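The values are calculated or read from the model by the stated rules, or taken from the named source; none is laboratory data. From a predicted model like this one, the values you see are computed outputs, not experimental measurements. Every residue, glycine among them, receives a Cβ derived from its backbone with ideal geometry; neighbour counts consider all protein chains shown. Protein only, heavy atoms only, side chains kept; ligands, DNA and RNA dropped before computing areas. Shrake-Rupley method; radii C 1.70, N 1.55, O 1.52, S 1.80 Å.
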Amino acid sequence: MAETTEEKKGFRAGAYAVIAGIAVAAVLVIITIFAFTTRYTAFSPEKVAQSYVDTIVQTGDGYNAYKNTLVSKNAKFGDFIRNAYMKPYVNDGDDVKQADFVGTGSDEEAAALNQVYSTMYDYYVELLEEYGLDDYDSVFSKYFAKLSEVRKNVYGDDYMDTDYMFGAFESNVSTYGMSLTGTKRVFASDNKTITQEQTTGLYQTMFGKEQDVEVDALVDGKKQTVTEKQLVYKFTTTVKDCTELSGEELETYIADYSARIKPVAESGEAKADAFGITDTTKEKKILFITKTENINNKTDMVNAFKGLDCSEDISAVAKCTVEVTLDDGTVVATQELYVTQIGNSWYVDNTNVDTSGLYLAK
């Protein structure tokens, strides 16, 4: 059985601003972990199913879970989002002026960034509650439209680039996860300045049991290790069953998948036309030579959606059941899903999965 365990400790509640301050670093860690994990789990249907469920249930992270799905088969997930959902809002030309405080590292810039992230976090939670990340089309479409409005209101400029959009969204994903798991107290290198406070996550409150835990604390003006009573819980995800479909079942499944995915894969052109996105050219002068640069915004958007259709490539499908338990054996969630084989790799079919039961705080 494929199995993983993650342990969480409870802390006192803290402010959103504190959490947002360390979100970028947390996102970088998550990206590194996924790059390593995905590479070595793709060859096993059980490990792919387990990794997908574990990613969602541990921190409510349905976003990074897509890296184990068919969405990421023909393009990196970030590239898919960039081309399919960010294109309409990018406005980063050389002639687009940004607010004067951008890039200064000033308190004004920090306050503006925090205001945008905080506002968008509330909206992100609303989208999770209304749609859930199984419906990524609604979440991404609405989120980036809202972000464009919020940044313009806060910054007073019309600038937008993909780095800013990813930064806001991934910060919100990380902050939501920390709201569930809680955070540890973190000290700066001087061992006396606290850069992140302890917070109590909702999962600690829901599932934790009080235990003695060693933590870093500020004692007599410096960091020391002390023992505190804290809430501790542990989720374990285990693949209970994973069975490949027979020949006739496989043919039926692929036909049904094709019927589900083709309307989505063919929707790119209509989406681009609705935003007025077209392919254009731009004159670019390098020294004394002027070159014409193709800007394929519409083509990139259309191809992003076309790339979602993997119906011609699937060679096998397995139905898997993954169970989530607490340390005492209590089952808190059971997830059924299908994983598909393309070449030597396996991918979760995200077109027919309902992961709402893995968001335990809802």
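Do we have Y123 as within 30 Å of R260 (Cα to Cα), under 22 Å from the mean Cα position of the chain (by Cα), surrounded by fewer than 20 Cβ atoms within 10 Å (Cβ to Cβ) and not basic (K, R) here? Taking the combined requirement at face value, the residue satisfies it.
Candidates in segment 60-103 are the residues that are of a type in the set (V, I, T) and surrounded by fewer than 20 Cβ atoms within 10 Å (Cβ to Cβ); of these, the one that is farthest from Y203 (Cα to Cα) is V96.
With the requirement that a residue be in a helix (DSSP H, G or I) and either open to solvent by 50 Å² or more (accessible area, probe 1.4 Å) or free of Cβ contacts under 8 Å to residues at least 40 places away in the same chain (or both), what does segment 246-258 give you? Walk me through it before giving the result.
Of all residues in segment 246-258, those in a helix (DSSP H, G or I) come to 247-258.
Passing the criteria: G247, E248, E249, E251, T252, A255, D256.
Tell me, which strands (runs of 3 or more DSSP E) wholly within segment 259-362 include 3 or more residues that are more than 24 Å from F43 (Cβ to Cβ)?
Working: elements: 280-286, 289-295, 316-325, 331-342, 345-348.
Qualifying strands (runs of 3 or more DSSP E): 280-286, 289-295, 331-342.
Yes/no matrix, rows are residues, columns are (1) loosely packed, with under 14 Cβ neighbours inside 10 Å; (2) over 28 Å from the mean Cα position of the chain (by Cα); (3) touching a residue at least 40 places away in the same chain (Cβ under 8 Å):
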{"residue": "L180", "(1), (2), (3)": "no, no, yes"}
{"residue": "T183", "(1), (2), (3)": "no, no, yes"}
{"residue": "A188", "(1), (2), (3)": "yes, no, no"}
{"residue": "L202", "(1), (2), (3)": "no, no, yes"}
{"residue": "L218", "(1), (2), (3)": "no, yes, no"}
{"residue": "V232", "(1), (2), (3)": "no, no, yes"}
{"residue": "T237", "(1), (2), (3)": "no, no, yes"}
{"residue": "C242", "(1), (2), (3)": "no, no, yes"}
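Could you grab me the full set of residues in segment 59-87 that are charged (D, E, K, R), in a helix (DSSP H, G or I) and in contact with a Phe, Trp or Tyr (Cβ under 9 Å, 6 or more places away or on another chain)? K67, R82, K87 - these are the residues of segment 59-87 that are charged (D, E, K, R), in a helix (DSSP H, G or I) and in contact with a Phe, Trp or Tyr (Cβ under 9 Å, 6 or more places away or on another chain).
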